[in-house]
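Right, one structure below, let's go through it.
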Amino acid sequence: MNCRITEAGLRTVCRELLNRDMKVSHRALREVLRERFGAAGKTARVLAVWREESERAVRARFERDQPTKAPLPNDVRELQQRLSQAELIAEEMKTRAELAELREQSHQDHWALEVDRLREQLRAQPNYAREVRTLQSTVIRLTAEISALRAGDDGRSGGEGATP
């Protein structure tokens, strides 16, 4: 039976064992998990959570054993609070910007592939090269005709003078 131990349940067991004794073996932890949840969980996941909770417990004991420091002035506390809020906001904004960049890149890739697909589809048509040549020759012929007409208009307007 595949029984999933929740993150919260695993952390609770680790904290309880650490509160009783700091030197609990991995084997003892897995036995308690088997008793409570009917499964020991994946070793890598259990050990990662165990390490995190052990480090947290050691830090908490260290801070508790340290002599109390003089309290910071209110303005420094406020500045520290503002700094931590600004860091959180900056991290959120960075995450949003990275996500937007990924979306933009995905959008560009999608349309580049679509344009390329349509170009290949156009090139695959049987009369593509002939139609392109015909259109090019038409453009050249019409450009020459326009130039001749403009040259003729310039010659007539320059030699006739003012007309009433």
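The residue list 24, 46 contains one member that is of a type outside the set (D, E, K, R), in contact with a Cys (Cβ under 9 Å, 6 or more places away or on another chain) and modelled with pLDDT under 80, which is 24. Against the conditions (1) aromatic (Phe, Trp, Tyr); (2) over 30 Å from residue 17 (Cα atoms); (3) open to solvent by 90 Å² or more (accessible area, probe 1.4 Å), where does residue 62 fall short? Just the number, please. With respect to (1) aromatic (Phe, Trp, Tyr); (2) over 30 Å from residue 17 (Cα atoms); (3) open to solvent by 90 Å² or more (accessible area, probe 1.4 Å), residue 62 is out only on (2).
Of the residues in the range 119-138, not one is aromatic (Phe, Trp, Tyr), open to solvent by 80 Å² or more (accessible area, probe 1.4 Å) and either in a helix (DSSP H, G or I) or over 30 Å from residue 23 (Cβ atoms) (or both). Screening the candidates 91, 7, 53, 87 for the property of being surrounded by 10 or more Cβ atoms within 10 Å (Cβ to Cβ), out of contact with any helix residue (DSSP H, G or I) (no Cβ under 6 Å at 6 or more places or on another chain), among the charged types (D, E, K, R) and in contact (Cβ under 8 Å) with a residue 24 or more places away in the chain yields one hit, 7. Within the range 54-77, can one find any residue that is within 30 Å of residue 26 (Cβ to Cβ) and of a type in the set (S, T, N, Q)? Among the residues of the range 54-77, at least one is within 30 Å of residue 26 (Cβ to Cβ) and of a type in the set (S, T, N, Q), which makes the answer yes.
The values are calculated or read from the model by the stated rules, or taken from the named source; none is laboratory data. Everything quoted here is computed from the prediction, not taken from an experiment. Cβ coordinates were reconstructed from backbone atoms using ideal geometry, including for glycine residues, and neighbour counts include every protein chain displayed. Keep in mind that these areas ignore ligands, DNA and RNA; they rest on the heavy atoms of the full protein, side chains included. Shrake-Rupley method; radii C 1.70, N 1.55, O 1.52, S 1.80 Å.
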